[in-house]
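Take a look at the structure below.
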Amino acid sequence: MAHPALEVMASPAPLALRPLATPRHRPRFVSGLVLLLACLFLLAHPLAAQTNLTEYSYGQGNRTRITLTAHFSEAAPYGYLPVRVTIRSALGQTQNWNLRFNASAAGRGNISYSSDFSLPGEANAVTEHDILIPLPTELTRSGYRGLSMQIQITSPGMELYRDYYSQSFNPGWAHIAISDKIAQKNLLGLSNHLQTVNRGSTGGSDRFGSTFKASMLPQDWRGWVGTDAIMITDGEWTSLSPESRRAIMEWLRMGGYLAVYTTRENTSLESLGLGHASARDPEVESSVKDFLQAASISLGRVSLRKWDGSNLNVNQTYQLYARVAGNSAEHFATDYSSYWKLQSDFGEAPFNAALVIILLIAFGVVVGPVNLFVLAKPGQRHRMFLTTPLISLAASLLIVLLILFSDGLGGRGMRFAAINLEADQDERRAYVFQEQISRTGMLLSNTFTTEDIPFISPTVLAASRWTKFGGSDNTEVRYTLNGNQFAGDWFQSRSEQAHYLEAIRPTRSRIEKVQSASAGAGDGANAPELFSSLEFAVDQLFYFDEEGKVWRCENSVASGNRIPLAASSRKAFRDWWEDQTEVASNSLQSVLRNYPETPRDYFFATAAKSGGLAVETLGAIKWEKDRIVIYGPVMNGPVLGSPDAPPSPPTTE
């Protein structure tokens with residue numbers, strides 16, 4: 001006989017402090033003793049690098065068990081929570097286990113993400129699956145921020161199991177991932193220092209960072225979304241699997257900060273496969289003594305730092321991460337609710353209040369006096385049971401027609417996308433940052449499917465007649481995310497909404513350098529020769545050659561053509577780049593404009609279309625005036641005069 005549905009409701013606590021849920025009832029004094037011993041242990045030792053979210057054993061003898069283990073000791077304030085699901089099955093057949101998560105942001109309003117996973121458990125075997133649980137973006141500007149999640153597990157012939165956990169965030173601190181080796185002797189001191197600095201702040205967690213084991217890390221870049229910085233030793237870095245290392249490198253290109261700690265003075269970033277070191281790290285070198293080397297990887301930065309293998313300087317470490325690891329979660333709550341140029345360019349929709357008032361007055365007149373004294377006059381009052389519903393139905397149809405006439409079906413919107421093209425033979429990826437705003441009329445469906453699985457988040461817009469989600473405390477929005485299928489309140493009828501997206505997409509698009517058989521491109525007064533192998537036309541382009549000289553193309557160039565260049569200047573580039581990125585939010589502007597003063601063999605371009613690299617969401621939205629900026633290294637192309645060389649002269653349009 002199956003057990004009745006079991007529901008274990010854990011008390012709100014940080015993930016690493018929450019006790020495991022089990023099906024057996026223990027005496028209260030035993031539970032209290034276990035909790036007391038656990039607390040004493042935590043005071044003397046650092047918390048576990050991973051956290052058991054839940055664990056449940058089925059049947060007599062508890063031979064079938066399912067365990068959910070988070071890769072990190074604490075979840076990020078947005079993005080995804082990487083979890084390893086271990087199914088120890090004593091069943092004689094393979095069957096699916098269905099996991100449902102409902103995660104809510106506790107700090108502002110009632111914002112929830114729901115997601116479902118169906119995972120096979122092999123018969124009489126141990127099966128492991130790594131999943132990414134979508135987390136709601138914490139849109140609180142200040143004060144208490146938290147996460148609560150309900151977990152439900154079902155499988156054919158097995159009892160229903162439910163569990164719950166919660167945790168808090170620090171609204172004034174970044175989300176930092178710290179390796180287990182560094183955390184062992186440093187996390188407690190760093191957290192105490194953070195608590196001292198934050199004394200008097202309003203609620204939240206004072207934990208310096210979230211811990212992890214190098215042997216169990218996400219193999220998907222989305223598992224790092226929401227993390228602002230990573231602290232890891234060089235030994236742990238070299239021990240990572242190729243998949244885990246690639247995921248961190250992709251996260252770096254999206255703007256992450258990686259600090260690698262070493263005890264050896266002769267260690268270099270290049271030897272660790274982390275790029276070519278720059279001469280200095282101007283942001284922190286003057287104030288932090290452990291600096292060795294630094295390098296830029298697209299929008300991200302890597303720093304090599306020395307330590308004694310045991311203890312970090314608490315104050316110096318705090319100062320470093322307070323400076324280099326910004327709290328990216330605040331971006332969604334603040335950047336779009338004040339002045340955002342893309343929203344300004346999108347414009348406001350008129351609201352015909354007079355027409356609405358006339359319609360309401362007409363309805364009142366018809367349903368009242370006309371109905372009482374004409375349609376259902378004295379002696380015929382029974383007609384009101386027919387006339388009143390008909391009048392209401394007619395008024396409703398009139399309102400629908402009015403909406404269709406004024407707002408139409410579907411909607412319109414504008415997008416800004418910044419695309420980093422990394423066209424190296426071993427990579428060939430497009431790293432996409434996208435911001436979009438849309439205004440809808442009547443929607444017949446708000447469900448959409450993306451080509452791949454991007455990170456997508458709602459943002460807080462300034463309150464208006466069209467904004468249904470302004471981040472207020474009484475806001476209730478529900479989002480469903482199942483792989484690349486999205487449903488719920490991402491788009492609502494007759495509303496204005498904004499979203500921030502990140503994606504990494506495969507591409508063969510690139511800008512190539514036509515090489516001279518006798519001399520390097522750009523020697524003397526000769527302009528370099530570039531060739532467009534992009535899948536779309538570019539409107540304008542700047543190029544920094546190997547010597548740091550600046551060249552410019554002001555004409556539109558179609559795919560498959562040479563790019564004519566003329567000499568330009570760094571000032572012209574800076575003015576142009578600031579003008580092209582001004583429609584982005586403040587945070588994205590800051591990241592895009594924080595490039596090296598003199599990049600080498602690098603291009604920056606604009607386009608009206610992205611050749612399918614921008615993320616498509618709801619098909620009913622007509623996107624107008626896409627603003628696209630593209631940047632990345634220039635690849636070596638064929639030698640001039642060879643059969644593979646592009647045709648001459650260049651074609652422009």
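The values are calculated or read from the model by the stated rules, or taken from the named source; none is laboratory data. On a predicted model such as this, the values are computed, not experimentally measured, just so you know. Ideal geometry is used to build each Cβ from the backbone, glycine not excepted, and the neighbour counts take in all protein chains shown. Quick note on the areas: whole protein, heavy atoms, side chains included, nothing else; ligands and nucleic acids left out. Shrake-Rupley method; radii C 1.70, N 1.55, O 1.52, S 1.80 Å.
Would you mind stating whether ASP228 is touching a residue at least 60 places away in the same chain (Cβ under 8 Å) and closer than 22 Å to HIS175 by Cα? Walk me through it before giving the result.
On the way: touching a residue at least 60 places away in the same chain (Cβ under 8 Å): yes; closer than 22 Å to HIS175 by Cα: yes.
Taking the combined requirement at face value, the residue satisfies it.
Please find, among SER168, SER191, the residue that is small (Gly, Ala, Ser) and within 30 Å of ASN484 (Cα to Cα).
Values: SER191 fails: within 30 Å of ASN484 (Cα to Cα).
Being small (Gly, Ala, Ser) and within 30 Å of ASN484 (Cα to Cα) holds for just one of SER168, SER191, which is SER168.
Restricting to segment 135-154, what's the tally of residues that are open to solvent by 10 Å² or more (accessible area, probe 1.4 Å) and either modelled with pLDDT of 95 or more or of a type in the set (S, T, N, Q) (or both)? So that I can check it myself, show each step before the final result.
Let us first name the residues in segment 135-154 that are open to solvent by 10 Å² or more (accessible area, probe 1.4 Å), namely 141-144, 148, 150, 152, 154.
Add one more test, that the residue is either modelled with pLDDT of 95 or more or of a type in the set (S, T, N, Q) (or both), and what stays is 142, 148, 150, 152, 154.
Matching residues across segment 135-154 total 5.
Do we find that GLN219 is in contact with an Asp or Glu (Cβ under 8 Å, 6 or more places away or on another chain), in a loop (DSSP other than H, G, I, E, B) and in contact (Cβ under 8 Å) with a residue 24 or more places away in the chain in this structure?
Working: in contact with an Asp or Glu (Cβ under 8 Å, 6 or more places away or on another chain): yes; in a loop (DSSP other than H, G, I, E, B): yes; in contact (Cβ under 8 Å) with a residue 24 or more places away in the chain: yes.
It is true that GLN219 is in contact with an Asp or Glu (Cβ under 8 Å, 6 or more places away or on another chain), in a loop (DSSP other than H, G, I, E, B) and in contact (Cβ under 8 Å) with a residue 24 or more places away in the chain.
Yes/no per residue for (1) open to solvent by less than 50 Å² (accessible area, probe 1.4 Å); (2) basic (Lys, Arg); (3) modelled with pLDDT of 90 or more:
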position	(1), (2), (3)
VAL583	yes, no, yes
GLY611	yes, no, no
GLY641	no, no, no
ASP644	no, no, no
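Search segment 523-548 for residues being in contact with a Phe, Trp or Tyr (Cβ under 9 Å, 6 or more places away or on another chain) and surrounded by fewer than 21 Cβ atoms within 10 Å (Cβ to Cβ), and hand back the single one that is modelled with the highest pLDDT.
So the residue we want is GLN540.
Where the second residue is among the charged types (D, E, K, R) and open to solvent by 40 Å² or more (accessible area, probe 1.4 Å) and the first is under 24 Å from PHE433 (Cβ atoms) and lies in segment 252-278, which pairs have Cβ atoms under 6 Å and are six or more apart or on separate chains?
TYR257/ARG301
For segment 398-413, does any single residue satisfy the condition of being open to solvent by less than 20 Å² (accessible area, probe 1.4 Å), outside any helix (DSSP H, G or I), of a type in the set (D, E, K, R) and at pLDDT 80 or above?
The answer is no, given that none of the residues of segment 398-413 is open to solvent by less than 20 Å² (accessible area, probe 1.4 Å), outside any helix (DSSP H, G or I), of a type in the set (D, E, K, R) and at pLDDT 80 or above.
Checking the conditions here, which among VAL629, VAL583, VAL591, VAL615 is under 17 Å from GLU502 (Cβ atoms), assigned to a loop (DSSP other than H, G, I, E, B) and not charged (D, E, K, R)? Working first, answer last.
Numbers: VAL629 fails: assigned to a loop (DSSP other than H, G, I, E, B); VAL583 fails: under 17 Å from GLU502 (Cβ atoms); VAL591 fails: assigned to a loop (DSSP other than H, G, I, E, B).
Criteria check complete, one pass: VAL615.
Just one of the numbered conditions (1) assigned to a strand (DSSP E or B); (2) modelled with pLDDT of 95 or more; (3) buried (at least 20 other Cβ atoms within 10 Å of the Cβ) is not true of TYR165; which one?
(2)
Considering segment 462-492 alone, what residues qualify as being at pLDDT 90 or above and either assigned to a loop (DSSP other than H, G, I, E, B) or of a type in the set (Asp, Glu) (or both)?
Keep residues of segment 462-492 that are at pLDDT 90 or above, which gives 478-492.
Correct list: GLY483, ASN484, ASP489, TRP490, PHE491, GLN492.
If you go through segment 438-489 one residue at a time, how many are under 16 Å from ALA105 (Cα atoms) and out of contact with any Lys or Arg (no Cβ under 6 Å at 6 or more places or on another chain)?
Counting residues in segment 438-489 that are under 16 Å from ALA105 (Cα atoms) and out of contact with any Lys or Arg (no Cβ under 6 Å at 6 or more places or on another chain) gives 17.
Just give me the residues in segment 327-386 being touching a residue at least 12 places away in the same chain (Cβ under 8 Å), open to solvent by less than 30 Å² (accessible area, probe 1.4 Å), part of a helix (DSSP H, G or I) and out of contact with any helix residue (DSSP H, G or I) (no Cβ under 8 Å at 6 or more places or on another chain), in sequence order.
Across segment 327-386, the qualifying residues are PHE332, ALA333, LEU342, PHE346.
Given (1) under 24 Å from the mean Cα position of the chain (by Cα); (2) open to solvent by 60 Å² or more (accessible area, probe 1.4 Å); (3) aliphatic (A, V, I, L, M), where does LEU421 come up short, assuming only one miss?
So the condition that LEU421 fails would be (2).
Which condition does ARG593 not pass, out of (1) at pLDDT 95 or above; (2) open to solvent by 70 Å² or more (accessible area, probe 1.4 Å), if it passes all the others?
(1)
Exactly one of (1) modelled with pLDDT of 85 or more; (2) hydroxyl-bearing (Ser, Thr, Tyr); (3) open to solvent by 20 Å² or more (accessible area, probe 1.4 Å) is unmet by SER191. Its number?
(3)
Taking the options ALA177, ALA105, ALA183, name whichever one is at pLDDT 95 or above, within 29 Å of GLY256 (Cα to Cα) and within 22 Å of the chain's Cα centre (by Cα). Working first, answer last.
Numbers: ALA105 fails: at pLDDT 95 or above; ALA183 fails: within 22 Å of the chain's Cα centre (by Cα).
Residue meeting the stated conditions: ALA177.
In segment 76-89, which residues are outside any strand (DSSP E or B) and closer than 15 Å to LEU217 by Cβ? It would help to see each step written out before you state the result.
First, pick out the residues of segment 76-89 that are outside any strand (DSSP E or B): 76-78, 89.
Of everything in segment 76-89, just one residue is outside any strand (DSSP E or B) and closer than 15 Å to LEU217 by Cβ, namely ALA76.
Examine segment 438-451 for a residue that is at pLDDT below 95, assigned to a strand (DSSP E or B) and out of contact with any Gly (no Cβ under 8 Å at 6 or more places or on another chain), and state whether such a residue exists.
no
So for segment 427-440 (the condition being surrounded by 14 or more Cβ atoms within 10 Å (Cβ to Cβ) and over 30 Å from PHE604 (Cα atoms)), does at least one residue qualify?
yes
State yes or no: is VAL356 touching a strand residue (DSSP E or B) at 6+ places or on another chain (Cβ under 8 Å) and β-branched (Val, Ile, Thr)?
no
For the list (1) buried (at least 21 other Cβ atoms within 10 Å of the Cβ); (2) not in a strand (DSSP E or B), I need the number of the one condition that GLY309 fails.
Of (1) buried (at least 21 other Cβ atoms within 10 Å of the Cβ); (2) not in a strand (DSSP E or B), only one is false for GLY309: (1).
Scan segment 64-85 residue by residue and report those that are open to solvent by less than 20 Å² (accessible area, probe 1.4 Å) and β-branched (Val, Ile, Thr).
THR64, ILE66, THR67, VAL83, VAL85, listed by residue number.
Mind checking which residues of segment 266-288 are at pLDDT below 85 and surrounded by fewer than 12 Cβ atoms within 10 Å (Cβ to Cβ)?
HIS276, ALA279, PRO282, SER286, SER287
So if I check each of GLY92, GLY61, which one is on the phi > 0 side of the Ramachandran plot, in a loop (DSSP other than H, G, I, E, B) and open to solvent by 40 Å² or more (accessible area, probe 1.4 Å)? Write out each step before concluding.
Working: GLY92 fails: on the phi > 0 side of the Ramachandran plot.
None of the other options fit; the residue is GLY61.
How many of the residues making up segment 456-476 are surrounded by fewer than 18 Cβ atoms within 10 Å (Cβ to Cβ) and in contact (Cβ under 8 Å) with a residue 60 or more places away in the chain?
10
Confirm whether LEU304 is part of a helix (DSSP H, G or I), on the phi < 0 side of the Ramachandran plot, open to solvent by less than 30 Å² (accessible area, probe 1.4 Å) and at pLDDT 90 or above. Quick ask: steps written out before the conclusion?
Details: part of a helix (DSSP H, G or I): no; on the phi < 0 side of the Ramachandran plot: yes; open to solvent by less than 30 Å² (accessible area, probe 1.4 Å): yes; at pLDDT 90 or above: yes.
Here the answer is no, as LEU304 does not meet what is asked.
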